[in-house]
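Before any comments, here is the structure.
The values are calculated or read from the model by the stated rules, or taken from the named source; none is laboratory data. Since this is a predicted model, take the numbers as computed values, not measurements. Cβ atoms come from the backbone with ideal geometry, glycine included; neighbour counts cover every protein chain shown. We work out accessible area using only protein heavy atoms, side chains counted, and drop any ligands, DNA or RNA first. Shrake-Rupley method; radii C 1.70, N 1.55, O 1.52, S 1.80 Å.
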Amino acid sequence: MSARSDTTAAGVQARAAGEGFVNSRLFAILSRAGFVARGLVYGIIGVLALDLALGRGGKITNQQGALRSVEHHSFGHLLLTVLAVGLGSYSLWRLFRALLGHGPEGADSGLDRLGALGSGITYAVLCAIAIQILVGSSGTSGKANKTASGVFGWPAGRWLVGIAGLVMLGVGLYQLIRGVRRKFLDDSNTQKMSRPLKKWFTVIGTVGHVARAVVFGLVGVFLVKASIDYKANEAIGLDGALAKLYDGAYGSWLLGIVAAGLIAFAAFSVMEARYRRI
């Protein structure tokens, strides 16, 4: 009983320390910086894709490609350093929310916490990629089909790829519901907004979430297809999903619409940095 009591007491103390950090001003500043970093990454992806759709050059890329494009601009290392800090901060915020939930009683549902965990891991990887670029490491290719090819070699690898696809479909559906039903408004201090600002925030939030739903849904569909057909080259990532849109009928129009949606999500993320309930 004594050992169990000690373990329980240690767990309570650890949780109290975590909640103390979460409620600190430093944590709030880091978290809000993370929303700006997320917005910049999606903004770069959206602008490059929109330029391609409009025939003004541009290219299709993913989050890693967006980070690499930053490096090639003036003050690229400085900007990439800021992005690395922001992405790491956003990851930290999401991981703490997965562990503690939101609010003093950890009121988030299990699904919310699971989503926070996945998001936290994803942005931790992006932070690591940004650091790799800064120190001159080539990093990983980030190609979904190469990743799937490696996973196919694992025990039950085919099932793991299929499960990953179903998870992405679930994420896409969650983003769609969150956008169409405007659930994102529940997480923001909309009472601090003027009426025109709230209307604008609602529009770009809805459009941005639906655009992300389209992209994540396509990624999920092709991961499931790769699992069923046992063909790693059918697996795609974010860049592959955009390419599928561009290569299809009315490709330029479809890519342009989704790219504009990603730019809207970028603007929404930057506004969230100011109004999100941390």
Worksheet entry | Inter-probe distance in nm under a simple model that places probes 7 Å from Cα toward Cβ, at residue 59 and residue 233 | 2.2 nm
Worksheet, complete the sentence: Per the chain, sqrt(5λ) over the Cα gyration tensor eigenvalues, sorted largest first, in Å, gives 31, 25, 20
Practice prompt. Would you please state which residues of region 228-244 a label at residue 160 would reach in this model, taking the label point 7 Å out along Cα→Cβ and a backbone N cut-off of under 19 Å?
Written response: 228-237
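Suppose every K and R has +1 on its Cβ and every D and E has -1 on its Cβ; what is the size of the dipole of the chain about the Cα centre, in Debye to the nearest 20?
Values: 29 positive and 14 negative charges, 116 e Å.
Dipole of the chain, to the nearest 20 debye: 560 debye.
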Worksheet item: Tell me, in nm to one decimal, what length is gained between residue 74 and residue 112 on full extension, where the rule is 0.36 nm per residue of separation less the Cα-Cα distance?
Response: 9.8 nm
Worksheet item: For region 148-253, with the dipole built from +1 on Lys and Arg beta-carbon atoms and -1 on Asp and Glu ones, taken about the Cα centre, which of 168, 249, 194 lies farthest toward the positive end?
Response: 194
Discussion item. Net charge within 13 Å of residue 217 by Cβ-Cβ distance, Lys/Arg positive one each and Asp/Glu negative one each, not counting residue 217 itself?
Written reply: +3
Item to complete: Give the accessible surface of the chain per residue, rounded to a whole number of Å², with probe radius 1.4 Å and ligands, DNA and RNA excluded.
Response: 52 Å²
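Hey, what number do you get for the chain at 222 nm if only DSSP H runs of n ≥ 4 count, each worth -39500 (n - 2.57), divided across all residues, to the nearest 500?
Rounded to the nearest 500, it is -26500 deg cm²/dmol.
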Discussion item. Quick check on packing: order 24-33, 87-96 by the mean number of other C-beta atoms within 10 Å, highest mean leading.
Written reply: 87-96, 24-33
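How big is the Rg/Rh ratio for region 193-239, C-alpha atoms only, Rh by Kirkwood, two decimals? The partial results should precede the final answer.
On the way: Rg = 16.6 Å, Rh = 12.5 Å.
Dividing the radius of gyration by the Kirkwood radius yields 1.33.
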Worksheet item: Considering the dipole of the chain built from charges on the beta carbon (Lys and Arg +1, Asp and Glu -1) around the Cα centre, which of 28, 224, 75 is farthest to its positive end?
Response: 28
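For the peptides 217-228, 199-210, 111-122, what is the packing order when you average, over each peptide's residues, the other Cβ atoms within 10 Å and list the highest mean first? Walk me through the numbers on the way to the answer.
Working: 217-228: 21.2, 199-210: 19.1, 111-122: 16.4.
Highest to lowest by the protection proxy: 217-228, 199-210, 111-122.
If region 140-261 were replaced by its equivalent ellipsoid, with semi-axes equal to the square roots of 5 times the Cα gyration tensor eigenvalues, what would those be, largest first, whole Å? Before the final figure, lay out each step's value.
Working: eigenvalues 215, 57, 21 Å².
So the three semi-axes of region 140-261 are 33, 17, 10 Å.
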